[in-house]
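The values are calculated or read from the model by the stated rules, or taken from the named source; none is laboratory data. Please read all numbers here as calculations on a predicted model, not as lab measurements. Neighbour counts run over all protein chains shown; Cβ positions are idealised from the backbone, glycine included. Side chains are part of the model used for accessible areas, which takes the heavy atoms of the whole protein and leaves out ligands, DNA and RNA. Shrake-Rupley method; radii C 1.70, N 1.55, O 1.52, S 1.80 Å.
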Amino acid sequence: MSNVTPAVYAITIELDGQQYHFQCRDNQTVLSAAEAAGVPVPSSCCAGVCTTCAARIQEGEVHQPDAMGVKEDLRQEGFALLCVSFPRSDLAATAGQEDALYEAQFGQYQS
Ligand code: FES
(Lines give C-alpha, C1' and ligand atoms only; values in the text may rest on other atoms or scores of the structure.)
Protein backbone atom coordinates (compact mmCIF):
# COMPACT_ATOMS: atom_id res chain seq x y z
CA MET A 1 0.00 0.00 0.00
CA SER A 2 1.51 3.29 -0.96
CA ASN A 3 0.04 6.69 -0.50
CA VAL A 4 1.68 9.70 -2.02
CA THR A 5 2.04 12.13 0.82
CA PRO A 6 1.78 15.75 -0.26
CA ALA A 7 4.75 17.94 0.57
CA VAL A 8 4.12 20.39 3.38
CA TYR A 9 5.75 23.80 3.31
CA ALA A 10 6.30 26.40 5.98
CA ILE A 11 4.62 29.69 5.13
CA THR A 12 5.33 33.07 6.65
CA ILE A 13 2.83 35.81 5.82
CA GLU A 14 3.26 39.40 6.80
CA LEU A 15 0.02 41.33 7.02
CA ASP A 16 -0.52 44.77 8.51
CA GLY A 17 2.82 44.64 10.29
CA GLN A 18 2.20 41.23 11.88
CA GLN A 19 3.87 37.97 10.99
CA TYR A 20 1.93 34.73 10.78
CA HIS A 21 3.38 31.26 10.44
CA PHE A 22 1.49 28.25 9.22
CA GLN A 23 1.88 25.18 7.07
CA CYS A 24 0.50 24.56 3.61
CA ARG A 25 0.39 21.36 1.56
CA ASP A 26 1.51 21.47 -2.06
CA ASN A 27 -2.06 20.58 -3.15
CA GLN A 28 -3.69 23.34 -1.10
CA THR A 29 -3.89 27.03 -1.88
CA VAL A 30 -1.98 29.37 0.39
CA LEU A 31 -5.25 31.21 1.07
CA SER A 32 -7.10 28.10 2.26
CA ALA A 33 -4.18 27.15 4.52
CA ALA A 34 -4.13 30.70 5.89
CA GLU A 35 -7.87 30.59 6.57
CA ALA A 36 -7.55 27.20 8.26
CA ALA A 37 -4.85 28.71 10.48
CA GLY A 38 -7.02 31.72 11.33
CA VAL A 39 -4.85 34.23 9.44
CA PRO A 40 -7.05 37.12 8.28
CA VAL A 41 -5.81 37.35 4.68
CA PRO A 42 -8.28 39.46 2.68
CA SER A 43 -10.10 37.57 -0.08
CA SER A 44 -13.22 37.85 -2.14
CA CYS A 45 -13.70 35.85 -5.36
CA CYS A 46 -11.33 32.98 -4.53
CA ALA A 47 -10.97 32.40 -8.27
CA GLY A 48 -7.90 34.41 -9.29
CA VAL A 49 -9.86 37.32 -10.73
CA CYS A 50 -10.55 40.13 -8.26
CA THR A 51 -6.98 40.56 -6.82
CA THR A 52 -8.24 41.15 -3.27
CA CYS A 53 -5.88 38.42 -2.05
CA ALA A 54 -2.81 39.84 -3.82
CA ALA A 55 0.52 39.25 -2.13
CA ARG A 56 4.15 39.83 -2.90
CA ILE A 57 6.35 36.79 -2.59
CA GLN A 58 9.62 37.67 -0.84
CA GLU A 59 11.12 34.21 -0.77
CA GLY A 60 10.16 30.93 -2.37
CA GLU A 61 8.01 29.88 -5.30
CA VAL A 62 4.32 29.43 -5.99
CA HIS A 63 2.46 27.75 -8.83
CA GLN A 64 -0.51 29.93 -9.90
CA PRO A 65 -1.80 28.79 -13.29
CA ASP A 66 -5.23 30.37 -12.69
CA ALA A 67 -4.08 33.82 -11.59
CA MET A 68 -5.91 35.69 -14.34
CA GLY A 69 -5.68 38.97 -12.45
CA VAL A 70 -1.87 39.20 -12.62
CA LYS A 71 0.14 39.79 -15.77
CA GLU A 72 3.05 37.43 -16.38
CA ASP A 73 5.74 40.07 -15.92
CA LEU A 74 4.28 41.03 -12.53
CA ARG A 75 4.23 37.37 -11.51
CA GLN A 76 7.95 37.39 -12.29
CA GLU A 77 8.28 40.32 -9.90
CA GLY A 78 6.70 38.24 -7.16
CA PHE A 79 3.05 39.25 -7.25
CA ALA A 80 0.76 36.33 -6.52
CA LEU A 81 -2.93 35.74 -5.89
CA LEU A 82 -3.01 33.58 -2.80
CA CYS A 83 -6.43 32.08 -3.56
CA VAL A 84 -4.99 30.28 -6.59
CA SER A 85 -1.36 29.89 -5.44
CA PHE A 86 0.03 26.49 -4.55
CA PRO A 87 3.37 26.51 -2.72
CA ARG A 88 6.36 24.91 -4.41
CA SER A 89 8.76 25.67 -1.56
CA ASP A 90 8.75 27.29 1.84
CA LEU A 91 7.42 30.82 1.40
CA ALA A 92 7.74 34.26 2.85
CA ALA A 93 5.21 36.75 1.49
CA THR A 94 3.51 40.03 2.26
CA ALA A 95 -0.28 39.92 1.92
CA GLY A 96 -2.71 42.80 1.48
CA GLN A 97 -0.98 44.01 -1.71
CA GLU A 98 -4.09 44.73 -3.77
CA ASP A 99 -3.33 48.44 -4.09
CA ALA A 100 0.33 47.81 -4.94
CA LEU A 101 -0.67 45.30 -7.60
CA TYR A 102 -3.25 47.68 -9.06
CA GLU A 103 -0.66 50.44 -9.20
CA ALA A 104 1.89 48.12 -10.85
CA GLN A 105 -0.61 46.93 -13.46
CA PHE A 106 -2.49 50.11 -14.25
CA GLY A 107 -0.53 52.98 -12.73
CA GLN A 108 1.27 53.76 -15.98
CA TYR A 109 -2.04 54.41 -17.75
CA GLN A 110 -3.11 57.12 -15.37
CA SER A 111 -1.99 60.67 -15.87
S1 FES B 1 -9.75 36.40 -3.80
FE2 FES B 1 -10.12 37.19 -5.76
S3 FES B 1 -8.21 36.94 -6.78
FE4 FES B 1 -7.96 35.89 -4.90
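Details
- Protein accessible area in region 1-99, 1.4 Å probe - carbon and sulfur %: 44 percent
- Backbone phi angles across region 7-19, fed through the Karplus curve with coefficients 6.51, -1.76 and 1.60 (θ = phi - 60°), yield HN-Hα couplings of 5, 10, 10, 8, 10, 10, 10, 9, 8, 6, x, 10, 10 Hz in residue order; Gly and Pro are listed as x.
- Computed over the alpha-carbon pairs of region 1-95, the distance histogram in 5 Å steps reads 3, 15, 28, 26, 17, 6, 3, 2, 1, 0 percent, short to long.
- Per-residue 3J(HN,Hα) values for region 30-38, derived from phi via the Karplus relation 6.51 cos²θ - 1.76 cosθ + 1.60 with θ = phi - 60°, read 4, 5, 5, 5, 5, 4, 4, 8, x Hz in sequence order (x marks Gly and Pro).
- Under 14 Å, Cβ to Cβ, from residue 89 - net charge with Lys/Arg +1 and Asp/Glu -1: -2
- The heavy atoms of residue 8 offer some 80 square angstrom of accessible surface to a 1.4 angstrom probe.
- Using the Cβ of residue 33 as centre and a radius below 15 Å, the other residues enclosed give a net charge of -1, where K and R count +1 and D and E count -1.
- The chain: calculated mean residue ellipticity at 222 nm from DSSP helix runs of at least 4, using -39500 (n - 2.57): -4500 deg cm²/dmol
- Overall, the chain carries a charge dipole of about 240 debye about its Cα centre when +1 sits on the Cβ of Lys and Arg and -1 on the Cβ of Asp and Glu, all other atoms neutral.
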